Amino acid sequence: MTITQRNAVEVTDLRCRYGDFEAVRGISFTVRAGEVFALLGTNGAGKTTTVEVLEGFRPAHGGVAKVLGLDSYRQRRALRPRIGVMLQEAGFFGDLSVAETVRLWEGLEADTGRRPLGGALERVGLKNKARTKVRQLSGGQKRRLDLAMAIVTRPEVIFLDEPTTGMDPEARRDTWAIIEELRETGTTVLLTTHYLEEAERLADRLAIMHEGRIHQYGTVEDVVATCGDRISFRLAMSPQELRSRVGEGPPVLAGSAPTVTYMEEGIGVLYTLPGPSAPDTVQRAHYTLLSWADKHDLILHRLELRKGTLEDAFLRVVGEAR
């Protein structure tokens, strides 16, 4: 992997163990300066362990992990003032107010020569909670306080571990706006999330982890393109009626056999065309399908063509690994 000055994060053949269990199994990726990078994966995939190494909280057992050109663990004292961290769970002092908590955090942070970011509470929607005890906040409000503390010192790189968990839809979208604003001002953001819509909306590039390895890596468009297109429809008839009229099931399209689901209201048919998406392949597939329907005098209800999604890519990674 080529290391350049444009990379804010550089991971090469990273390995981490818990006793005999290898949680991270030789992964490599880079995060470019000023981009939003999403690290996705199932529970236990190794995402949080990877992020904890990059944050300097645990050493690697093999490979290289650098942030801003510094070894994330061995040089963590020099690195710490330059990064922001939002953990899955933060240890707040429940009897401090929200404002006191942020001031305490500012005091603990080393002087980086940059002014603390004014209005951090306002940015995360907690200005009216400044005098409220932390223990009186809801789960979603505590996540917003986590975010305020992560951005208050204007970090060059910010790590967000499941940043919108527990937030209502409005607070989630407000958090997305903050992340987009951070990118616009040149901050590098690495986030983990279980919300695929969140990754699809925010990420410039992403990696999908499963069982300690990276299985997909690239831009959202590149990863989704590997899934191919989907064609689906329904037939308002029973399997017996279909067999009597057609003699066999739906045709093979572009080398793809259909997935047929029998439902109370009829038959559901889904094709996953081989990726990447290609207009000529889709056109030929549609022609074949419509010719088949016309030949047998069939009506294709709810006929739909859609591109693959990030969810499709994610589920394919999990399915192929089984």
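Derivation of every value follows stated rules applied to the coordinates shown; laboratory data play no part. Bear in mind that the values here come from a model prediction, so they are computed numbers and not experimental data. Here the Cβ is made from the backbone with ideal geometry for all residues, glycine too, and neighbour counts use every protein chain on show.
Brief remarks follow.
- Beta bridge orientation in the chain: antiparallel %, DSSP, nearest 5: 70
- Dipole magnitude of region 227-308 about its Cα centre (Cβ charges: Lys, Arg +1; Asp, Glu -1), debye to nearest 20: 160
- Karplus-derived 3J(HN,Hα), 6.51/-1.76/1.60, for each residue of region 138-153, Hz, glycine and proline x: 6, x, x, 5, 5, 5, 5, 5, 3, 5, 4, 5, 6, 9, 5, 9
- Under the Karplus curve 6.51 cos²θ - 1.76 cosθ + 1.60, θ = phi - 60°, whole-Hz ³J(HN,Hα) for region 281-287, x wherever Gly or Pro sits: 5, 5, 5, 5, 4, 5, 4
- Lysine pairs within the chain, Cα separation less than 23 Å, 8 or more sequence positions apart or different chains: 5
- Fewest-first ranking of Arg243, Arg172, using other Cβ atoms within 10 Å as the exposure measure: Arg243, Arg172
- Helix content alone sets the calculated 222 nm mean residue ellipticity of the chain: runs of n ≥ 4 DSSP H residues at -39500 (n - 2.57) each, divided across all residues, give -9500 deg cm²/dmol.
- Cα-centre dipole for the chain with unit charges at Cβ (Lys and Arg positive, Asp and Glu negative), debye to 20: 860
- In order through region 305-314: 3J(HN,Hα) via Karplus (6.51 cos²θ - 1.76 cosθ + 1.60), integer Hz, x for Gly, Pro: 10, 9, 6, x, 10, 4, 4, 4, 5, 4
- Amide hydrogen neighbours beyond the local backbone of Gln216, cut-off 5 Å, H modeled: Ile208
- Considering only Met263, Thr281, Leu298, and ranking their Cα positions along the charge dipole of region 227-308 that arises from unit charges at the beta-carbon of Lys, Arg, Asp and Glu, the one farthest toward the positive end is Thr281.
- For region 213-244 versus region 284-322, the gap between their alpha-carbon centres in whole angstrom: 5
- Amide H within-cut-off set for Arg205, under 5 Å, with H built and near neighbours excluded: Val36, Ala38
- Sequence-distant residues sharing a close amide H with Ala33 (under 5 Å, placed H): Asn7, Ala8
- log10 of Debye I(q)/I(0), alpha-carbon scatterers only, for the chain at 0.12 Å⁻¹: -0.87
- Computed magnitude of the charge dipole of region 258-302 (debye, nearest 20; Cβ of K, R +1, Cβ of D, E -1): 160
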